[in-house]
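Participant: First the structure, then my questions, so here it is.
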Amino acid sequence: MSSRAPGRSPATVTDLLAIPPDERFHEIIDGELVRKAMPSFEHGDAQSALVSRIKGPFQRRSGGDLPGGWWIGTEVEVELAPSHVYRPDVVGWRRERVPARPRGTPVAIRPDWICEVLSPSNPGTDRVKKLNHYHQFEVPHYWIVDPMEESLSVFRWTAEGYLLVLAASRDARVHAEPFEAVELSVGALFGEDEE
């Protein structure tokens, strides 16, 4: 749902922050204030399953038995440009580039990894618009988790466009960049018990 009327100025961070926090489930896409789709159980389950498998080994300093080296967050407002403020499902910054934990809202530091979990009501937003915008703003890694198809798509930034480096279905166990140090059961994102 878009709230920009024809001939109206592009939405800004000020417009976004004017929405009461408990009602602010919006993004600014191409200068339009857009409410995010309400997540289904499948969406929320895939999102939380991914976070539980990535955050533990990676959100820590590098060194030791676990890979570390990342800040990982969910539903964080990220300003890539004044007309592009997103609220990715899961987002991460490499600590070598961003030594201090990101703060505030929106975070104005470009992420190193973004993951969007598709919603049935607007899969084209994540597969087309956001993919193109994240590429434009040089986000190095972009993942799409699709609960309807039970799949994971992993993209790497190149100057020509995002390169699909991994497409996996629920029966796969993968080492997906930039988190290839840990094996991920794709089925675990979709309710499958891990062995």
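Participant: Size of segment 1-97 along its principal axes in angstrom, Cα-based, largest extent first?
Facilitator: That gives 56, 33, 20 Å along the principal axes, largest extent first.
Participant: Measure nothing but the geometry: give the 0 to 90° angle between the long axis through the Cα atoms of 41-58 and the longest principal axis through the Cα atoms of the chain, rounded to 10°.
Facilitator: That helix lies at roughly 60 degrees to the long axis.
Participant: Give me D for the chain in µm² s⁻¹, whole number, from Stokes-Einstein with Rh from the Kirkwood sum over alpha-carbon pairs, 20 °C and 1.002 mPa s.
Facilitator: 124
Participant: While we're on this one: Tell me the Kirkwood radius of segment 48-158: reciprocal of the mean inverse pair distance over distinct alpha-carbon atoms, in Å.
Facilitator: Over segment 48-158, the inverse of the mean reciprocal pair distance is 14.5 Å.
Participant: Among Asp112, Asp30, Asp126, whose mean-square fluctuation peaks in a Gaussian network model of the chain (Cα, cutoff 10 Å)?
Facilitator: In this elastic network of the chain, the residue with the biggest mean-square fluctuation among Asp112, Asp30, Asp126 is Asp30.
Participant: Can you compute the helix-only [θ] at 222 nm over the chain? Use -39500 (n - 2.57) per DSSP H run of at least 4 residues, normalise by all residues, nearest 500 deg cm²/dmol.
Facilitator: My calculation for the chain gives -4500 deg cm²/dmol from helical runs alone.
Participant: Before I look further, what does the chain give for accessible area per residue, probe 1.4 Å, in whole square angstrom?
Facilitator: 50
Participant: Still on this structure: Within the accessible area of segment 40-127, what % is carbon and sulfur when the probe is 1.4 Å and the other protein chains stay in place?
Facilitator: Carbon and sulfur together cover 50 percent of it.
Participant: Which percent of the accessible area of segment 142-195 is formed by carbon and sulfur heavy atoms (probe 1.4 angstrom)?
Facilitator: Of the solvent-accessible surface of segment 142-195, carbon and sulfur hold 46 percent.
Participant: With contacts defined as alpha carbon pairs under 8 Å and 6 or more residues apart, what's the relative contact order of segment 102-195 in percent?
Facilitator: 19
Participant: Okay, moving on. Report the charge-dipole magnitude of segment 109-178 in Debye, nearest 20, computed about the Cα centre from +1 at each Lys and Arg Cβ and -1 at each Asp and Glu Cβ.
Facilitator: The calculation lands at about 100 debye.
Participant: Dipole size in debye (nearest 20) for the chain around its Cα centre, Lys and Arg Cβ +1, Asp and Glu Cβ -1?
Facilitator: It works out to roughly 840 debye.
Participant: Further question: Name the residue from Pro123, Val145, Ile109 whose Cα lies farthest towards the positive end of the charge dipole of segment 106-162, charges +1 on Cβ of Lys and Arg and -1 on Cβ of Asp and Glu.
Facilitator: Ile109
Participant: Take segment 111-195, drop everything but the C-alpha atoms, weight them equally and run the Debye formula without solvent; then report log10 I(q)/I(0) at 0.13 Å⁻¹ to two decimals.
Facilitator: Log-scaled intensity ratios, in q order: -0.40.
Participant: Follow-up question, since we're still on this one. Solvent-accessible area of Tyr162, probe 1.4 Å, all protein chains present, reported in Å² to the nearest ten, please.
Facilitator: The value for Tyr162 is about 40 Å².
Participant: Further question: Across every pair of different alpha-carbon atoms, what Kirkwood hydrodynamic radius in Å does segment 23-80 reach?
Facilitator: Answer for segment 23-80: a Kirkwood hydrodynamic radius of 13.7 Å.
Participant: Now, a different point. Taking the simple approach of a point 7 Å from Cα along Cα-to-Cβ for both Ala37 and Asp65, what is their distance in nm?
Facilitator: Result for the modelled spin labels: 4.0 nm.
The values are calculated or read from the model by the stated rules, or taken from the named source; none is laboratory data. Predicted model, so just to flag it, every value in this text is computed and none were measured. Ideal geometry is used to build each Cβ from the backbone, glycine not excepted, and the neighbour counts take in all protein chains shown. Areas reflect the complete protein model, heavy atoms only, side chains present, ligands, DNA and RNA absent. Shrake-Rupley method; radii C 1.70, N 1.55, O 1.52, S 1.80 Å.
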